[in-house]
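The values are calculated or read from the model by the stated rules, or taken from the named source; none is laboratory data. Computed from a predicted structure; not experimentally measured. FYI the Cβ positions are ideal-geometry reconstructions off the backbone, even for glycines, and counts take in every protein chain you see. Protein only, heavy atoms only, side chains kept; ligands, DNA and RNA dropped before computing areas. Shrake-Rupley method; radii C 1.70, N 1.55, O 1.52, S 1.80 Å.
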Amino acid sequence: MLPVQILKKTVCDIQNITGTECSVWNVQGDCLAYSKEEKEEFSVFIKKMTEAEEWEANDSSFFNVHLEEDLIYVFVLHSTVPEMKMAGRLGVKQLEGYLQLYQEKMNRNHFIQNLLLDNLLLIDVYNRAKKMHIPIEARRAVVVIEPKNPKDNLILEVMKGLYETSTKDFVTAVDEGHIILVKMLEEREGYPELNKIAKDIVDILNTEAMVNVRIGYGTIVEEIKDVSKSYKEAGMALDVGRIFYEEKNILAYNQLGIGRLIHQLPISLCDMFLTEIFEGKEMEFDEETLATVYKFFENNLNISETARQLFLHRNTLVYRLEKIQKKTGLDVRIFEDALTFKIALMVSNHLKSLRRAVATNTKEEKKW
């Protein structure tokens, strides 16, 4: 049904134009909007209404408001003057027009949600898209926005304000933790433009809504049936980034690198690999050691530059790296060992994530 603000604006506009008070009621006899503060009681008349589209009672004119075949509202014009009947009929047409537009908007939103979740048959995708005048062949990509605080409800409203003014783009949500933008792209637009859109969203939400978000986006697809594929890719980008790239707030599916590959490894293979590298030892490293080795990798195994950036003496840095060698048997100053160690850290993080997920699912099952 229509928001109360729209109903209130309609009755106030009609009163301002005609000088006649009016109101909107539901079929149960509840007043939804009134053009003045005090309201008369019309419940008894509405509950006993006839099949007629218009009728009069208690010095007022009543008009039925339909959506297709269903009676939705009763519009009441607080006058029985024949000349004012036209205002009542115009009010009905205005409300029915709003209802039609609102239903189409809701239908489009429902369609996009089902499309993202793969809940539609292929023939239904094409038929519904045509019925709602949504282009079937168009370049689109799905952008998934994840607030760092899931209770930030303002994000959805800001995103709708930015993109729902266009009939080409869609903003929706399929769960409480993510906002989804299905963005249509022009022929000349590609991944650089898509990345800029993601950066603009991060900046706008940070400045206007005062919220921090992480964004993942999928590949660009050419047909509407493939939108769900881009959505799954965007979700995976966020998952992979959560495990391997915590410092990034924008994650592109086509730029996940080795993280995407490791993310698909099962627990058994992860255990086998770590056992092979660390000989069954539980490898835990403090934050200082991890920060040191990551910075060392960033600087392409350059000891002097890493020591300078970390404000360390060269010998102190060498000592820390040698501690890793004693613990793991890997000399990260050598490229091959450094590569093995970095992959092992990523596999270890992935394994911890998998085990947390298993533990969470087990707890949920016990609750049920």
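Some values worked out for this structure:
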read-out	value
Y245, Y73, Y191, reordered so the largest accessible area comes first (probe 1.4 Å)	Y191, Y245, Y73
Long-range HN-HN contacts of N249 with modeled amide H, under 5 Å	none
Cβ crowding within 10 Å averaged over residues, with 112-118, 199-205 ranked highest first	112-118, 199-205
With Cα atoms, 0 to 90° folded angle of helix 85-116 axis to the chain main axis	20 degrees
13 Å cut-off, amide nitrogen to a point 7 angstrom out along N26 Cα→Cβ, residues in segment 82-107	none
3J(HN,Hα) from dihedral phi, segment 304-319, Karplus parametrisation 6.51/-1.76/1.60, rounded to Hz, x for glycine, proline	4, 5, 5, 4, 4, 5, 8, 6, 10, 6, 3, 5, 5, 5, 4, 4
Added length on full extension, which subtracts the Cα-Cα distance from 0.36 nm per residue, K8 to E223	73.3 nm
Label-point separation in nm, K36 to M106, each point 7 Å along Cα→Cβ	3.2 nm
The chain - percent of accessible surface contributed by carbon and sulfur, probe 1.4 Å	52 percent
Rounded tilt (10° steps) of 287-298 against the dominant C-alpha axis of the chain	90 degrees
Sequence ranges 135-141, 344-350, 75-81, ranked by mean other-Cβ count within 10 angstrom, highest first	75-81, 344-350, 135-141
Mean separation of Cα contacts under 8 Å, 6 or more apart, over the residue count of segment 172-263: relative contact order %	23 percent
Angle between the chain longest axis and helix 335-367 axis [Cα atoms, degrees, rounded to 10]	40 degrees
